[in-house]
1. For Gln141, work out the one condition from (1) over 30 Å from Leu9 (Cβ atoms); (2) modelled with pLDDT of 85 or more; (3) open to solvent by 30 Å² or more (accessible area, probe 1.4 Å) it doesn't fulfil.
2. For region 102-126, give me each residue that is open to solvent by 70 Å² or more (accessible area, probe 1.4 Å) and in contact (Cβ under 8 Å) with a residue 24 or more places away in the chain.
3. Do we find a residue being under 15 Å from Pro19 (Cβ atoms) and out of contact with any Leu (no Cβ under 9 Å at 6 or more places or on another chain) anywhere in region 59-80?
4. Of the residues that make up region 84-101, is at least one of a type in the set (Gly, Ala, Ser), modelled with pLDDT under 95, part of a helix (DSSP H, G or I) and open to solvent by less than 60 Å² (accessible area, probe 1.4 Å)?
5. Name the residues in region 39-58 that are exposed (fewer than 10 other Cβ atoms within 10 Å of the Cβ) and not in a loop (DSSP other than H, G, I, E, B), would you?
6. For region 87-126, name all the residues that are closer than 17 Å to Leu68 by Cα and polar (S, T, N, Q).
Amino acid sequence: RVLFRSQALETLVSPDFNPGQTVLVATNLPAAPAGATNQSAGTVAFISYTPKDLVLKANAKTPAVLLLNDKYDPNWQVLVDGHPAPLLRCNYLMRGVQVPPGEHVIEFLFATPANTLYISMAAVALGLGLCGFLALYSRKQPTADVQG
C-alpha cells in the first residue's frame, strides 16, 4: 500500500498491522495479481554481505516487494540480475525492491555522492595550503632583539 508519511507511521504502530504480511511502500507500484496477497511470495538467501555491497538470491513465486530491514538512504543503488531497478522506501525507513516472478540475483550497492569526495579533497588542499603559507610566513618574519 502507498501511504503518506503520517499515515505510514500510524499504520506501523497499529496493533492490526502485520509486518510479516504487509509492506508499506512510499511510491506507487502495479497492483498485485488477484489472489496473490497474503501468501508466501518466495524465498531469499544471502550470497554476500559487506557494509556497502549486499548480494541476495531470491526466488519469487509472484511479483513481490523484497523488503530489506536496513535503513533507507537515497545513495543506495539496487540491481536485479545486473540491471538497475528503482530503490523503494518501505515501512517508512527501510529499503526494498520490486521483484518479478522467478529466480533473481539482487545487489544493493552504496554509492557515496561525488560532491562529498570533492568537499573532502578541497578541505585537505586548503589545510595543506594554509600549513605551507604559515611555514613560509614564519620564516620571513624578523626576530626582534631584546636588550636589557
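1. Unmet for Gln141, out of (1) over 30 Å from Leu9 (Cβ atoms); (2) modelled with pLDDT of 85 or more; (3) open to solvent by 30 Å² or more (accessible area, probe 1.4 Å): (2).
2. Within region 102-126, Glu103, Thr112 meet the criteria.
3. Yes, that holds for at least one residue.
4. no
5. Of everything in region 39-58, those that are exposed (fewer than 10 other Cβ atoms within 10 Å of the Cβ) and not in a loop (DSSP other than H, G, I, E, B) turn out to be Ala45, Phe46, Ser48, Thr50.
6. The answer is Asn91, Gln98.
The values are calculated or read from the model by the stated rules, or taken from the named source; none is laboratory data. Predicted, not measured: the structure shown is a model, and the values here were computed from it. In this analysis, Cβ positions are derived from the backbone assuming ideal geometry, glycine residues included, and neighbour counts consider all displayed protein chains. Side chains included, ligands, DNA and RNA excluded: accessible areas come from the protein's heavy atoms. Shrake-Rupley method; radii C 1.70, N 1.55, O 1.52, S 1.80 Å.
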